[in-house]
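Reading through the structure tokens given below for one structure.
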Amino acid sequence: MSNPLYDQLFGVHAGKTTPFLQLEDGQVITHSQFLTTAAQLAHVLVQAGLQPGDRLAVQVHKSAHALALYAACVQAGIVFLPLNTAYTTDELTYFIENSGAGCVVCDAASKASLTPVATGLGARLETLNADGTGSLTDLATAMPSDFPTVSRAPDDLAAFLYTSGTTGRSKGAMLTQANLLSNALTLRDYWRFTAQDVLLHALPIFHTHGLFVATNISLAAGSSMIFLPKFDLDQVIRLLPQATTMMGVPTFYTRLLDDPRFTRELVAHMRLFVSGSAPLLADTHVQFETRTGHRILERYGMTETNMNTSNPYDGERRAGTVGFPLPGVELKITDPANGETLPPGDVGQIEVRGPNVFKGYWQMPEKTAAELREDGFFITGDLGRVDEDGYVHIVGRNKDLIISGGYNIYPKEIELVLDEQPGVLESAVIGVPHADFGETVLGLIVPEPGAQPDIDQISEAARASLARFKHPRKLIVVDELPRNTMGKVQKNLLRESYAGLFAPAEN
Ligand code: MCA
Ligand code: AMP
């Protein structure tokens, strides 16, 4: 009887008084203290009626307790479903309902708005605040500090992460114990993480990057983390001297480069900087090396697959590429029209297969079948090519997706909101280059004949239902949208027309 994910990431640290988390106020939480908190939380979840395989929806601020809740779920066999703290009540309602979560954990500030939602959907509601207080921890303090780990098979579900779709409906990506564990162990070895490492962790923990890549690798290696609530430039510069490694989205690196305090001396001792979630401009890569002497290691992954490729640790980290398929991961470039493998060097859709690839979308068999082939290859929706040296280049997307500061935004979801507004005939949402976020959201609105849409009212409607990071940075009224002969809106033309709108710095 075993629980591979718990045993190998968490259980291995039982009884260790080695530091695991260093918080912004300097407080250190040892592995053993962390596991005790997790065990107590696992008791609370079980007493709340959650059984192995049930979902726990969690929208809380980043904290040591929030991370312990993930460990508690793994230990109790409960499926962990973390949610972006920026999501509105409308967005949360969908996730809670779609996942059938048996319990919801939120910040006390959201309790009033989420209580009717949880009650209506038959889910229990508990609170957990950024400082570790809340009804959940009140219950946990009285619980035993040991929890009998629930047995799980490698194919059992460990987590759901929602990822939006081209139709505007989010899909719950089902990740198994084996998906998470295989990737953590592979990356630990590939990037040479050891117990001596200290990872500066400034990413959110509701996505793959901060939760599975950064945290799971640190756990697998026995490393410690400087665990910051968010990316705060001053704090990161203050704490980098205590770290050996950092992981971030490209915005982290461009913000650091924009600051004169970010010098070669500040990071001379660092072992590794990793970037992912969005394209790192070759220019940023070069600037970073010129400034610091370090070459950022860029890798490529997805919610559905964890990490697929990585630049090498020892070999050449090539700017503008995402490196090689990771050990155990197969990657091929295929013709989007028929799925046939293309000759080397050709541009096509990227497909991947391996132990990292998810089990499918929760209760969406058609969507699963459309993206996950029967032979196990997952169609990523990214367009790329493999060069003569084997490096993978991502050259575009075969999916209508905007990535802003590492957050994925699906235009369809925003268009659906804009289209509903008075005086709007139709809309198109595109991503345009942005110096800080890489891309940002632009909304183009075509009025109904004779109508004059109220832009302020439309912005307000978007604010009410969509998370802040999805809000169009600008809304522009246009007479019509360019269409091809099939009637499809030509977003590539729109992207070209508005490319200079936010004047990206030499992007
Ligand atoms: C914050 N805002 C944003 C974003 N973040 N708007 C657009 N895109 C964003 N990413 C809003 C804020 O709410 C604020 O609104 C305004 O923009 C400016 O906020 P600012 O203070 O500049 O932002 P910040 O709080 O410093 O956050 C920027 C950030 C953050 C540090 C880049 O977005 C971040 O940590 N991103 C990482 C996302 C991530 O982990 N992605 C991994 C996904 P207002 O002015 O109204 O207050 S996993 C994944 O993609 C795959 C699997 C992979 O390969 O890793
Ligand atoms: P998500 O759906 O949040 O998991 O985002 C996954 C998507 O992020 C991928 O399909 C890519 O389009 C993009 N992505 C992740 N890493 C990189 C990278 N290093 N370079 C370019 N795009 C990336």
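The values are calculated or read from the model by the stated rules, or taken from the named source; none is laboratory data. Predicted model only: the values in this text are computed from it and were never measured. In this analysis, Cβ positions are derived from the backbone assuming ideal geometry, glycine residues included, and neighbour counts consider all displayed protein chains. Surface accessibility is based on the protein's heavy atoms, side chains included, excluding ligands, DNA and RNA. Shrake-Rupley method; radii C 1.70, N 1.55, O 1.52, S 1.80 Å.
Annotations
- Among the residues of region 298-316, those that are over 24 Å from residue 164 (Cβ atoms) and either in a loop (DSSP other than H, G, I, E, B) or more than 10 Å from ligand 2 (Cβ to nearest atom) (or both) comprise 311, 312, 313, 314, 315, 316.
- Qualifying residue in region 447-457 (condition: under 23 Å from residue 405 (Cα atoms) and of a type outside the set (D, E, K, R)): no
- Subset of region 464-484 that is assigned to a helix (DSSP H, G or I) and among the charged types (D, E, K, R) - its residue that is farthest from ligand 2 (Cβ to nearest atom): 468
This table checks each residue for (1) in a loop (DSSP other than H, G, I, E, B); (2) among the basic types (Lys, Arg); (3) within 30 Å of residue 258 (Cα to Cα); (4) in contact (Cβ under 8 Å) with a residue 60 or more places away in the chain.
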position	(1), (2), (3), (4)
418	no, no, no, no
426	no, no, no, no
429	no, no, yes, no
436	yes, no, yes, yes
440	no, no, yes, yes
444	no, no, no, no
452	yes, no, no, no
462	no, no, no, no
501	yes, no, yes, yes
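For every residue, the table says whether it meets (1) at pLDDT 95 or above; (2) touching an Asp or Glu at 6+ places or on another chain (Cβ under 8 Å); (3) not in a loop (DSSP other than H, G, I, E, B).
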| residue | (1), (2), (3) |
| --- | --- |
| 345 | yes, yes, no |
| 349 | yes, yes, yes |
| 355 | yes, no, no |
| 374 | yes, no, no |
| 382 | yes, no, yes |
| 422 | yes, yes, no |
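- Residue 197 being away from ligand 2 (no atom under 16 Å from the Cβ), surrounded by fewer than 21 Cβ atoms within 10 Å (Cβ to Cβ) and of a type outside the set (A, V, I, L, M): no
- Among (1) without any contact (Cβ under 8 Å) to a residue 24 or more places away in the chain; (2) under 25 Å from residue 286 (Cβ atoms); (3) aliphatic (A, V, I, L, M) - the single one residue 337 does not satisfy: (2)
- Some residue of region 220-238 being within 16 Å of ligand 2 (Cβ to nearest atom), in contact (Cβ under 8 Å) with a residue 60 or more places away in the chain, in contact with a strand residue (DSSP E or B) (Cβ under 6 Å, 6 or more places away or on another chain) and closer than 25 Å to residue 16 by Cα: no
- Residues that are modelled with pLDDT of 95 or more, open to solvent by 10 Å² or more (accessible area, probe 1.4 Å) and within 13 Å of ligand 1 (Cβ to nearest atom), drawn from region 157-182: 162
- Matching entry among 468, 473, 495 (being charged (D, E, K, R) and within 30 Å of residue 345 (Cα to Cα)): 495
- Going through (1) in a strand (DSSP E or B); (2) closer than 30 Å to residue 96 by Cα; (3) touching a Gly at 6+ places or on another chain (Cβ under 9 Å); (4) not hydroxyl-bearing (Ser, Thr, Tyr) one by one, residue 394 falls short only on (2).
- Filter result for residue 254 (within 16 Å of ligand 2 (Cβ to nearest atom), in contact with a helix residue (DSSP H, G or I) (Cβ under 7 Å, 6 or more places away or on another chain), among the β-branched types (Val, Ile, Thr) and farther than 17 Å from residue 10 by Cβ): yes
- Residues of region 395-415 that are β-branched (Val, Ile, Thr) and crowded, with 18+ Cβ neighbours inside 10 Å: 402, 403, 409, 414.
- Count - residues of region 244-295 that are of a type in the set (Phe, Trp, Tyr) and either open to solvent by 30 Å² or more (accessible area, probe 1.4 Å) or assigned to a loop (DSSP other than H, G, I, E, B) (or both): 1
- For region 200-219, the set of residues classified as in a helix (DSSP H, G or I), within 12 Å of ligand 1 (Cβ to nearest atom) and closer than 13 Å to residue 276 by Cβ consists of 208, 209, 210, 212, 213, 214, listed by residue number.
- Residue that is most open to solvent (accessible area, probe 1.4 Å), among those in region 60-117 that are more than 23 Å from residue 175 (Cα to Cα), touching a strand residue (DSSP E or B) at 6+ places or on another chain (Cβ under 8 Å) and among the polar types (S, T, N, Q): 115
- The strands (runs of 3 or more DSSP E) located wholly in region 1-85 that include 3 or more residues which are among the aliphatic types (A, V, I, L, M) occupy 55-59.
- The sole residue among 321, 368, 309 that is within 27 Å of residue 210 (Cβ to Cβ), out of contact with any Lys or Arg (no Cβ under 8 Å at 6 or more places or on another chain), β-branched (Val, Ile, Thr) and within 16 Å of ligand 1 (Cβ to nearest atom) is 321.
- For region 340-381, filtering for residues that are of a type in the set (D, E, K, R), open to solvent by less than 30 Å² (accessible area, probe 1.4 Å) and touching a residue at least 60 places away in the same chain (Cβ under 8 Å) leaves 0.
- For region 161-178, filtering for residues that are in contact with a strand residue (DSSP E or B) (Cβ under 6 Å, 6 or more places away or on another chain) and either within 22 Å of residue 382 (Cβ to Cβ) or of a type in the set (A, V, I, L, M) (or both) leaves 10.
- Residue count for region 315-333, restricted to those that are closer than 19 Å to residue 396 by Cβ and surrounded by fewer than 18 Cβ atoms within 10 Å (Cβ to Cβ): 2
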